[in-house]
Structure formats: C-alpha cells, structure tokens
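Enquirer: So that we are looking at the same thing, I have put the structure below in structure tokens.
Computed from the coordinates by the stated procedures, all read-outs in this text should not be read as laboratory data. Since we're looking at a predicted model, the values are computed, not measured. No Cβ is skipped: glycine too gets one built from the backbone with ideal geometry, and neighbour counts run over all protein chains shown.
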Amino acid sequence: MHYTTRFFFSFIFLCAIISTSKAEDCTGDSLFAQGEYFEASIEYERQIFELQQYDKLSLLQYKKALCYKLTGDFNRALGVLQGLYIANYADTLYMHVAYEHALCFYLNGEPQKTLWKIDEFKHRNSDSTMYVNFLPLKILSLNSTYQWVQAQQNFKRLAALLEITGDEYLHICKQIDDLYRKKNVPKIKYRKKAENWSRFIPGSGQMYAGSVGEGALNFLIHASLLAFSAYEFYNGFYFTGYLAGLGFFNKIYQGGIVRAGNLASHASRKQISDFNQQVTALLITLQEL
C-alpha cells in the first residue's frame with residue numbers, strides 16, 4: 001500500500017548529510033561522502049573556527065557529530081550534540097539533531113537516556129510525521145530496558161502511524177503479539193540476583209546465569225578449599241590452613257561473585273541482542289509494506 005510517511009530505520013545507522021538548496025558543497029562534505037569521517041571532522045572543525053555566518057554553525061556541528069558517530073566515538077558525538085542549541089523546535093534540523101542524540105545514547109549502551117531524549121522531542125514537537133522517525137529506536141530501547149508491554153504498544157502505534165490498515169494491519173498486529181508473548185521475550189538474568197546467589201552458595205550465581213558447568217566447578221573448588229582448611233586445622237597446621245586454605249577461598253569467593261554478575265549481564269545482553277534482531281526484521285517488514 002502507498003503511504004506518505006516514511007521513517008529512518010534506526011538499526012541501519014546510515015545517515016546522510018542534510019542537504020538544502022542553500023548548502024554549498026565543501027571539502028568536509030566531499031570527505032564525508034568518501035567515507036573519510038575522521039578527516040571530514042577535522043575539516044568541519046576548521047570551517048567552524050573560520051565561520052563568519054553563524055546561521056551555519058548548528059549544521060556544521062551536526063555534521064561533525066555525525067563523523068564522530070560513524071567512527072564509533074559516541075561519547076565525543078554526544079558532547080557535540082549536547083552543546084547544540086536550536087531555538088525552532090519545528091525545524092527539520094532539530095529533528096535530525098534530536099534523533100542522532102538519542103541514537104548515540106543507544107549506541108553508547110544508554111537506552112534509558114535514549115528514551116528520555118525521545119520523550120523530550122515529543123514534548124517539544126507534536127508533529128507525528130517527525131515523531132514516527134523515532135519510534136523504531138524507541139521500541140529497541142524499550143526492549144533493552146525490559147519494558148515489553150510499552151514496546152509492544154509502540155510497535156502497533158508505529159503501524160498505525162504508517163497508515164497500515166485492513167488485513168495487513170491485523171496481520172502485523174498478530175506478528176507483534178506473537179513476538180511479545182511471554183514465552184518469546186528474553187528471560188532476563190539480573191546481575192544483582194546472580195551476585196546474591198553466589199554470595200550465599202558459591203557457584204550458584206554462575207548456574208543462574210546459565211553457566212551450569214562453571215558453577216558446579218566453582219562450587220567444588222570452594223568445597224575442596226574448605227575441606228583442606230578443616231583438615232589442616234584439625235592436624236594443627238593453623239598457618240597453612242589459614243593462608244593456603246581460607247586465603248585462597250576468600251579470593252575465589254569474591255572473584256566468583258563478580259564473575260556471576262558479569263555472566264548474568266552478558267547473558268542478558270545476548271538475549272536482548274537476539275530478540276532485537278527479530279524486532280529489526282519485523283520493523284523492516286513494516287517499512288516495506
């Protein structure tokens with residue numbers, strides 16, 4: 001079906017330089033087009049330094065931030081974007097800046113800040129034709145913060161805003177509902193819970209995080225060290241029992257707690273990544289309808 005509203009799919013991460021009828025081709029743009037983003041960032045910085053018409057300042061800073069993003073320096077890109085000020089919230093440039101700001105938060109592993117930035121844009125600009133651009137990124141961020149119901153609702157809202165109707169809309173809604181069924185959403189392993197399990201029963205945190213073999217081995221090592229210490233104390237070798245037995249036990253015990261937390265975090269990130277790949281495929285399907 002035909003519809004006029006299109007959105008930029010956030011997970012492709014390919015963003016072209018904004019072009020206007022007044023924009024002039026420059027060395028920075030040429031370098032950007034050739035994929036030489038580091039060199040382009042330097043050229044944009046030179047242009048900013050020599051700038052005499054400050055009406056172009058925001059656009060040049062935006063382009064520089066894009067260069068940093070595309071080289072993977074998300075912190076630096078965020079630093080530039082946070083310093084940008086655009087008074088007119090209805091300006092298309094403001095939408096692009098806000099989107100890139102939200103995207104860089106997401107790429108930097110801060111999905112909660114992504115949601116905050118998207119909500120800020122929605123509050124300042126009620127134009128749904130602009131807001132629809134943010135919804136794919138919002139859905140991915142909601143997934144990353146385990147907000148399944150909200151993600152599901154925004155998915156259906158996106159389909160509605162894209163003017164998908166009739167049987168196609170019903171089919172898409174069924175796919176969305178199937179995707180977000182309880183049995184299909186990631187089973188999150190919480191870092192704090194894994195650490196607490198290992199704190200009370202060494203090795204159990206690793207088992208909770210999905211590493212059963214490692215957890216069992218960790219438990220056996222702890223049990224062996226305790227048994228060794230008890231044997232040494234029983235035979236009067238207190239120094240050996242304390243230093244070689246309990247000393248090693250304490251180090252392994254503390255390390256096991258940290259290890260369990262890391263395993264839980266890694267397992268959750270992997271599950272979210274796999275789930276978001278399925279979400280990505282469905283988002284692409286929406287765009288192609």
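Enquirer: Under a point spin-label approximation (7 Å from Cα along Cα-to-Cβ), what is the ILE252-ASP119 distance to one decimal in nm?
Expert: Those two pseudo-labels are separated by 4.7 nm.
Enquirer: At R0 = 45 Å, how high is the FRET efficiency between HIS266 and GLU45 if r is their beta carbon distance? Nearest 0.05 is fine.
Expert: It comes out at approximately 0.75.
Enquirer: Still on this structure: If segment 119-192 were replaced by its equivalent ellipsoid, with semi-axes equal to the square roots of 5 times the Cα gyration tensor eigenvalues, what would those be, largest first, whole Å?
Expert: The equivalent ellipsoid of segment 119-192 has semi-axes of 23, 20, 6 Å.
Enquirer: ALA33 to ASP274: extension gain in nm, 0.36 nm per residue of separation minus the Cα-Cα distance?
Expert: Answer, rounded to one decimal: 83.6 nm.
Enquirer: Can I ask one more? Which shape class applies to segment 191-273: rounded if a/c is under 1.5, otherwise prolate when a/b exceeds b/c and oblate if not, where a ≥ b ≥ c are the square roots of the Cα gyration tensor eigenvalues?
Expert: Taking the square roots of the gyration eigenvalues as a ≥ b ≥ c, segment 191-273 is prolate.
Enquirer: So if we plug the beta-carbon distance of ASP177 and TYR234 into 1/(1 + (r/R0)^6) with R0 = 45 Å, what FRET efficiency do we get, rounded to 0.05?
Expert: Here the calculated transfer efficiency is 0.10.
Enquirer: Report, in whole Å, the centroid distance computed from the Cα atoms of segment 272-289 and segment 93-160.
Expert: Each part's Cα centre sits 15 Å from the other's.
Enquirer: A further question follows. Run the helix sum for the chain: -39,500 (n - 2.57) per DSSP H stretch of 4+ residues, divided by residue count, reported at 222 nm to the nearest 500 deg cm²/dmol. Present the calculation step by step, with values, prior to reporting the outcome.
Expert: Values: 14 runs with 196 residues, N = 289.
Rounded to the nearest 500, the figure is -22000 deg cm²/dmol.
Enquirer: Another question, if that's okay. Evaluate the relative contact order of segment 191-273 (contact order divided by residue number), counting alpha-carbon pairs under 8 angstrom at least 6 apart; express in whole percent.
Expert: 40 percent
Enquirer: With a length cut of 27 Å (Cα positions projected on each helix's long axis) and a Kyte-Doolittle mean of at least 0.0, go through the chain and give me the DSSP H helices that pass.
Expert: Answer set is 212-234.
Enquirer: Same structure, new question: Please tell me which of these pairs span more than 21 angstrom C-alpha to C-alpha: LYS156/LYS182; LYS113/LYS187; LYS189/LYS270; LYS56/LYS117?
Expert: On the way: LYS156/LYS182 17 Å; LYS113/LYS187 23 Å; LYS189/LYS270 11 Å; LYS56/LYS117 24 Å.
Going by Cα-Cα distance, LYS113/LYS187; LYS56/LYS117 fall outside the 21 Å limit.
Enquirer: Hey, another quick one. How are the C-alpha pair distances of the chain spread across 5 Å bins, as whole percents from the shortest bin up?
Expert: For the chain, the binned pair fractions read 1, 5, 10, 11, 12, 11, 10, 8, 8, 6, 5, 4, 3, 2, 2, 1, 0, 0 percent.
Enquirer: On a full-extension model of 0.36 nm per residue, what is the gain between LEU170 and ASN75, subtracting their alpha-carbon distance, rounded to one decimal in nm?
Expert: Between LEU170 and ASN75, full extension yields an extra 30.1 nm.
Enquirer: Determine the relative contact order of the chain: mean sequence separation of Cα pairs under 8 Å and six or more apart, normalised by residue count, in whole percent.
Expert: Computed over the chain, the figure is 15 percent.
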